[in-house]
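Read the structure below first, then the notes.
The values are calculated or read from the model by the stated rules, or taken from the named source; none is laboratory data. Not measured: the values here are computed from a predicted model. A quick note on method: Cβ atoms are made from the backbone with ideal geometry, for glycine too, and the neighbour counts reach across all protein chains shown.
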Amino acid sequence: MKKLSLFAVLSYCFFFFSPLCAKEVPSPEFIVFVHSYNDAPICIKNFESLVHQTYKYVYIYYFDDGSTDNTYDLIKNYVLEHHLAHKCKVERVDTHGGFLQSLVHFFQHNKIPPNRIIALMDGADHFNDSSVFTQLSNVYAKDSIWLTYGNYKTEPFTSSSFCHDYPASVKKSCSFRSYMWLGAPLRTFYAKLFQLIKPEDFRYKGTIFPNAGEMALLFPMFEMASNGHIYFESLPFYVINTANPFSEIKSNRSSFKTYERYIRSLPPYLPLEAPLFPPPVS
């Protein structure tokens, strides 16, 4: 038998064991759910801050929640003029239902893979950085992270952000509902967490919460992810439009407080065991 040269042996080992030939780890994929209502004056600024993101694996789902202005037409025309149909979908309903009802509609009418990362955005807000999802992809590249929330800036009326990481004691005791609300944008999470929430926990007296929906959504997620799977992003790359007259907390503060009390009174979800996506059984 002909002996292999040392060079041939080393070349063989390099080819089969080089990281370049190792199986590629899939990049995190994001779906940005934009909830919009009467945002015509600001919707293009919002939308452009999304389409100018440099990260490749971002799909935009723009949901017009019964606007009475021309928001839907502005966004639909922008998509057509800039040939963006491959990376976004624009939908509208005739009757305004609120953020949570719109998100439930999104999940009910689309087959969302459980490993897609959902990012929530209001149609009146925008990003001040084009690398938001590049940064988040690095966070989610760690298998331990299932959910993120963060810091923000405000325009045109500036106000201080109240956001910080939930204390370790709150996470350990799963006592998010009795602690001050910190679940500020940008909020992102694996779709599977949404799919594990009981539908009745989105409802008050049979109706999906017309406001305070972020609490009904995130409290169960914080609880399920409390065992080391939550990430707080301190960089304020999300900008809230404080001039928006249609924000849910502004629209009816009295009902907001009623729904908040009810949501906080519900029993907590149990923390989930890792991994969130167990490997298939061979």
Check your understanding: Could you list, in sequence order, the residues of the stretch 155-171 that are of a type outside the set (A, V, I, L, M), without any contact (Cβ under 8 Å) to a residue 60 or more places away in the chain and not in a loop (DSSP other than H, G, I, E, B)?
Key -> Ser169, Lys171
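What number of residues within the stretch 114-131 are within 30 Å of Leu74 (Cβ to Cβ), of a type outside the set (Gly, Ala, Ser) and more than 12 Å from the chain's Cα centre (by Cα)? Before you say what the answer is, go through the steps one by one.
If we filter the stretch 114-131 for residues that are within 30 Å of Leu74 (Cβ to Cβ), which is where we start, we get 116-131.
Checking which are of a type outside the set (Gly, Ala, Ser) leaves us with 116-118, 120-122, 125-129.
If we keep only those that are more than 12 Å from the chain's Cα centre (by Cα) too, we end up with 125-129.
Of the residues in that region, 5 qualify.
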Practice item. Give the stretch 172-181 a look and list any residue that's surrounded by fewer than 18 Cβ atoms within 10 Å (Cβ to Cβ), more than 16 Å from His229 (Cα to Cα) and either among the basic types (Lys, Arg) or in contact (Cβ under 8 Å) with a residue 24 or more places away in the chain (or both), or say none. Key: Ser178, Trp181
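Filtering the stretch 155-170 down to residues that are over 20 Å from the mean Cα position of the chain (by Cα) and under 20 Å from Glu223 (Cβ atoms), which residue is surrounded by the most Cβ atoms within 10 Å (Cβ to Cβ)? Please lay out each step first, then the result.
If we filter the stretch 155-170 for residues that are over 20 Å from the mean Cα position of the chain (by Cα), which is where we start, we get 155-160, 167-170.
When the remaining residues are screened for being under 20 Å from Glu223 (Cβ atoms), the result is 167-170.
Values: Pro167: 12, Ala168: 8, Ser169: 9, Val170: 18.
Out of the qualifying residues, it is Val170.
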Point to revise | Of the criteria (1) over 21 Å from Met221 (Cα atoms); (2) of a type outside the set (S, T, N, Q); (3) touching a His at 6+ places or on another chain (Cβ under 6 Å), which one Trp146 fails | key: (1)
Practice item. Identify all residues within the stretch 159-178 that are among the small types (Gly, Ala, Ser) and at pLDDT below 95; write none if there are none. Key: Ser159, Ser160, Ser161
Check your understanding: Here are some conditions: (1) more than 20 Å from Thr188 (Cα to Cα); (2) surrounded by 15 or more Cβ atoms within 10 Å (Cβ to Cβ). Leu272 meets all but one. Which one does it not meet?
Key -> (1)
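Quick check on the stretch 182-198: of everything there that is aliphatic (A, V, I, L, M) and either free of Cβ contacts under 8 Å to residues at least 40 places away in the same chain or assigned to a loop (DSSP other than H, G, I, E, B) (or both), which residue is farthest from Asn241 (Cα to Cα)?
Within the stretch 182-198, the subset aliphatic (A, V, I, L, M) is 182, 184, 186, 191, 193, 196-197.
Retained after the next criterion (residues that are either free of Cβ contacts under 8 Å to residues at least 40 places away in the same chain or assigned to a loop (DSSP other than H, G, I, E, B) (or both)): 182, 184, 186, 196-197.
Values: Leu182: 18, Ala184: 14, Leu186: 13, Leu196: 31, Ile197: 29 Å.
Among residues in the stretch 182-198 that are aliphatic (A, V, I, L, M) and either free of Cβ contacts under 8 Å to residues at least 40 places away in the same chain or assigned to a loop (DSSP other than H, G, I, E, B) (or both), the one farthest from Asn241 (Cα to Cα) is Leu196.
Is the stretch 256-266 home to any residue that is at negative phi, of a type in the set (A, V, I, L, M), crowded, with 16+ Cβ neighbours inside 10 Å and modelled with pLDDT of 75 or more?
Looking only at the stretch 256-266, we keep the residues that are at negative phi, and these are 256-266.
If we keep only those that are of a type in the set (A, V, I, L, M) too, we end up with 263, 266.
In the following step, the residues that additionally are crowded, with 16+ Cβ neighbours inside 10 Å were identified as 263.
Now restrict to residues that are modelled with pLDDT of 75 or more: 263.
So far as the stretch 256-266 goes, yes, one or more of its residues are at negative phi, of a type in the set (A, V, I, L, M), crowded, with 16+ Cβ neighbours inside 10 Å and modelled with pLDDT of 75 or more.
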Point to revise | From the options Pro210, Pro275, residue that is under 20 Å from the mean Cα position of the chain (by Cα), closer than 21 Å to His35 by Cα and not β-branched (Val, Ile, Thr) | key: Pro210
